[in-house]
1. What number results when the radius of gyration of segment 342-490, computed over Cα atoms, is divided by 2.2 N^0.38 Å?
2. Counting DSSP beta bridges with both partners in the chain, what percentage is antiparallel, nearest 5?
3. Summarise the accessible area of the chain (1.4 Å probe, protein heavy atoms) by the percent that is carbon and sulfur.
4. Show the residues, 5+ positions off or on another chain, whose built amide H is closer than 5 Å to the amide H of R328.
5. Could you tell me the distance between the Cα centroids of segment 537-604 and segment 256-275, to the nearest Å?
6. As a test question: what accessible area, to the nearest 10 Å², does F359 have when a 1.4 Å probe is rolled over all protein chains in place?
7. Antiparallel DSSP bridges in segment 153-331: what percent, to the nearest 5?
8. Can you give the extra length, in nm with one decimal, that the chain gains between M527 and L25 once fully stretched, where that is 0.36 nm per residue apart less the Cα-Cα distance?
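The values are calculated or read from the model by the stated rules, or taken from the named source; none is laboratory data. Note that the structure is a prediction, hence the values are computed from the model and not measured. Just so you know, the surface numbers come from the protein's heavy atoms only, side chains and all, with ligands and any DNA or RNA stripped out. Shrake-Rupley method; radii C 1.70, N 1.55, O 1.52, S 1.80 Å.
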Amino acid sequence: MKEDKNPKKPIIYYYIITLVVVLILNAYVFPSVLKQEITQVDYGTFLTQIENNKVKTAEIQENQIAFTANNDAGKESIYVTGRVDDPELVNRLHTAQVKFSKVIPKENSPLTNFILSWVLPIIIFIGIGQMLTNSMQKRMGGNSMTFGKSNAKVYVEAQTGKTFLDVAGQDEAKEALSEIVDFLHNPGKYKEIGAIMPKGALLVGPPGTGKTLLAKAVAGESKVPFFSISGSEFVEMFVGMGAARVRDLFKQAQAKAPCIVFIDEIDTIGKKRDNGGIGGNDEREQTLNQLLTEMDGFNGEKGVVILAATNRPDSLDKALLRPGRFDRRVPVELPDLAGREAILKVHAKKIKLSSNIDFNEIARATSGASGAELANIINEGALRAVKCGRKYVEQSDLEEAVEVVIAGYQKKGAVISPKEKQIIAYHEIGHAIVAAKQAESAPVHKITIIPRTSGALGYTMQVSENENVLMTKEEATNKIATFTGGRAAEELVFGTYTSGASNDIEQATKIARAMVTRLGMSKSFDMMALETVSNQYLGGDSSLACSPETASKIDGEVLAIIKNAHEKAINILKENIEKLHTLSSYLLEKETITGDEFMRILQS
Ligand code: ADP
Ligand code: MG
Ligand code: ZN
């Protein structure tokens, strides 16, 4: 391997630098440090000092005399002077009553000297060097200095501890995967009849829907070794490293068959190969090629099943998806009403609940939430119960937790002037009345004007009884009218416009645009697709697929829909202006009211 030598070069440089540093230390730094406090004087000064009785002690050495004397400041310091052939020296010292002696030269053995000034520093430097490289390797998540050798990392995870019971509301996915579990338990049954198990299954769905969890559950259910690696782990500093890892991984998996290989976030390596990239793509491509080769190379009968997860299936290379590779696709979608209730119950098992919890209500209020968010709601509820000093989680804790996860924590200390508070109250009641007065709208569940950390100054929560999979044109236009209801109330009562409607505007426009460009709900465009959506699981970026002239016509249509809805909202509020006033002042006083309270006053 060509790359093998490159990483070693820096080590040689390192040793050379170490050597140079030690040389410099020996030549300049050590001696000057040691000499620092000793002042060199001439012999005459020494004699004068003796005559002036300044010298305290003297040490006659081989070539020099070291002595201590009081300096001008009266402090004792050390001096040296060269040794002169002076027969009177002893007499002088004696008469001046200086303590003096001659040192018997005691030299360090050359060996000790050598060790102290050469071997020891080098050992210390090498030690530091080793520590640095070690920690660097750890940070890079592998042994990057010695790759290509068979220092294979063992990827096996014995027990994931998860089973299908931990995964709720993904019945179709579980069913598709339980076939794999069955195959791993009993490959013979399949072989007998001549059926070939798919080599790989790809779990696709939005983030937080339980893809990783499902893969672990499959391993837990089938009680086979589980080799798990995340796509990003393949992407290494050095070209060729990722491919080497893929090889290692499959070699180990083959040896341990039957087993499961799980590649999480496979899109990091499995992106479409194209020529557009600037540098740096080599590594990913090599890794992907290696993965494709390995998947072709191994014999599925042995019982190695490859699972992969991603939330960007449309960005995957086509070669990954062809039969014989990840030919089975298991959708893991956002949970529906029943699914949400089931997920809440699974996670609620871990906490202490009071007896009268209505999970259905929480599930209805969390339309569109992922499994991860629902798990978070349960935990937030438990945290709130602790904060309130309770031993059990109550319904109110979970309800508050839903709002925390949707809109953030309550901002109790926020300073909002009474006037603004009033505008916010009218705004929210405006939404609520428009919603309530339209036949196809979801019932109002709760209205609040307590600000939240997400920046929401208040909100109106609508919760539908059951979940529809289809949205009619009427429902869509009603939704837009409801969004415009807040601003409509502000206009009617205060005659001004505030920035409080910015989010409503965004939402209303989004729906109106989708009606025109994707849902075929406008007259002029009939069933023409004007927009394509990519990345559907990650927010869905859409791009227009039409001429600029059409684009401006689309804008006109969208505007007309919104204007109509806005007018409708204003009319509804005009007809109910008395209720708008009563309800707004009631909300202003209470800050939070339930849907029932709202309906009672509206219908009285
Ligand atoms: P993904 O890999 O799809 O992004 P994860 O599998 O990492 O999502 O899910 C994150 C967490 O959310 C899980 O550990 C689990 O606690 C919770 N969760 C998600 N989906 C489910 C589900 N269907 N049933 C139970 N818990 C779920
Ligand atoms: Mg995941
Ligand atoms: Zn609003």
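1. Numbers: Rg = 16.8 Å, N = 149, 2.2 N^0.38 = 14.7 Å.
It is 1.14.
2. Values: 27 of 53 bridges.
Roughly 50 percent of the beta bridges in the chain run antiparallel, per DSSP.
3. Carbon and sulfur together cover 56 percent of it.
4. Here the answer is G200, L202, since their amide H atoms fall under 5 Å of that of R328.
5. Centre-to-centre (Cα) distance: 45 Å.
6. 30
7. If I count the DSSP bridges inside segment 153-331, around 15 percent turn out antiparallel.
8. 172.5 nm
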